Amino acid sequence: MSSLDEHNIPFTSYAPFLLEDSKFYVYLSSMAKHSYNLTLNENSSIFFIEDESKSDNIFARKRVVYQCKTKKLQRDNEEFIKLISLFEEKHGEIVSMLKEMKDFSFFEFEVISGEAILGFGKAYNIEKEEIFTLINRKEQTGHKKE
């Protein structure tokens, strides 16, 4: 994921996530740079990429990037209880410990747009309404040697 600091300088890192109702969630400590950045600026992006060892061509790794609006969620309400249970189910026992640390909060990433690259000349747009639907790029004419 990428967030912007107080000078609009991007910061990129990773975090375990949860996908629920077409929104992505991460659970971050207030000590994390992303936590500070995302509280300051709601604009963010998240990036998924094919494992390099499974790619046929290093230059054509399959990847998806989503541009998002992000918000910090409140703790200790019904939504938090639901998300922390799902997060624990997905990510295991470590979450049992982390959920007791009161400086951790969920951040919700709502997709506003995106793109998917599935190989050479296979670029697609993604829209907010259907974040898993690939839309052919009308302007796409393929790669050229000139």
Checklist outcome for this item: So, for the Cα atoms of segment 1-93, Rg and Dmax in Å stand at 15.0, 46
Checklist entry - Leu98 accessible area, nearest 10 Å², 1.4 Å probe? => result 40
Item to check | Heavy atoms of Thr12 accessible to a 1.4 Å probe, total area in Å² rounded to 10 | outcome: 90
Checklist entry - With all protein chains present and a 1.4 Å probe, how do Phe80, Phe11 order by accessible area, largest first? => result Phe11, Phe80
Item to check | Options Leu73, Ser53, Val95, ranked by Cα towards positive dipole end of the chain, top entry (Cβ charges) | outcome: Ser53
Checklist entry - Relative to the longest principal Cα axis of the chain, at what angle does helix 78-91 sit, 0 to 90 degrees, rounded to 10? => result 60
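222 nm [θ] for the chain, helices only, -39500 (n - 2.57) per DSSP H run of 4+, per residue, to 500? Write down the numbers at each step before the final one.
Working: 3 runs with 27 residues, N = 146.
Calculated from helices alone, the mean residue ellipticity at 222 nm is -5000 deg cm²/dmol.
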Checklist entry - Roughly speaking, what is the centre-to-centre gap between segment 98-121 and segment 28-47 when only Cα atoms are used, to the nearest Å? => result 10
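The values are calculated or read from the model by the stated rules, or taken from the named source; none is laboratory data. No experiment lies behind these values; they were computed from the predicted model shown. Glycine gets a Cβ as well: all are built from the backbone with ideal geometry, and neighbour counts include every protein chain shown. We work out accessible area using only protein heavy atoms, side chains counted, and drop any ligands, DNA or RNA first. Shrake-Rupley method; radii C 1.70, N 1.55, O 1.52, S 1.80 Å.
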